[in-house]
Amino acid sequence: MGINAGRLRHKVTICRYIEADDGLGGTVNKLAPLRTVYAEMRPTRGREYLEYFKEQHELTYKCTMRYQKDLRETDVLMFKGRQFLIASNINVLEIGYYQEVICTERREKSRQEAEDYGGV
């Protein structure tokens, strides 16, 4: 039982929000890279809907990676310059070997917040 290592062919950077100094004595939340892992990014479905009379497009992906015990649902995955928000984090078979992360990408609302994420 396990995962075929050949499936994990995409480099994904896990980013986390940290408090940083804004230069005026206050703090702001910035997205900073935490680590880069190998994973499989597979689109599962796309959805179009209207929100306040504006058309939105949302893509859902399933990201399979080796188990990361400190991965939070508030973290952001960066893949090929795109941001993916984590919707759920599933420890497959509850054995701590690999996990499936369901994440969404909204094309219209993507913001470039991470500055040095490695260009992955």
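Taking the stretch 82-111 as the search range and keeping residues that are modelled with pLDDT of 90 or more and of a type in the set (Gly, Ala, Ser), which one is least open to solvent (accessible area, probe 1.4 Å)? Ranking the qualifying residues of the stretch 82-111, first place goes to 88. I'm trying to understand the selection: among the residues of the stretch 5-58, which are at pLDDT 75 or above, open to solvent by 100 Å² or more (accessible area, probe 1.4 Å), more than 20 Å from residue 77 (Cα to Cα) and in a loop (DSSP other than H, G, I, E, B)? The one that is at pLDDT 75 or above, open to solvent by 100 Å² or more (accessible area, probe 1.4 Å), more than 20 Å from residue 77 (Cα to Cα) and in a loop (DSSP other than H, G, I, E, B): 24.
The values are calculated or read from the model by the stated rules, or taken from the named source; none is laboratory data. All of these numbers come straight from a predicted model, not from anything done at the bench. Quick note on the areas: whole protein, heavy atoms, side chains included, nothing else; ligands and nucleic acids left out. Shrake-Rupley method; radii C 1.70, N 1.55, O 1.52, S 1.80 Å.
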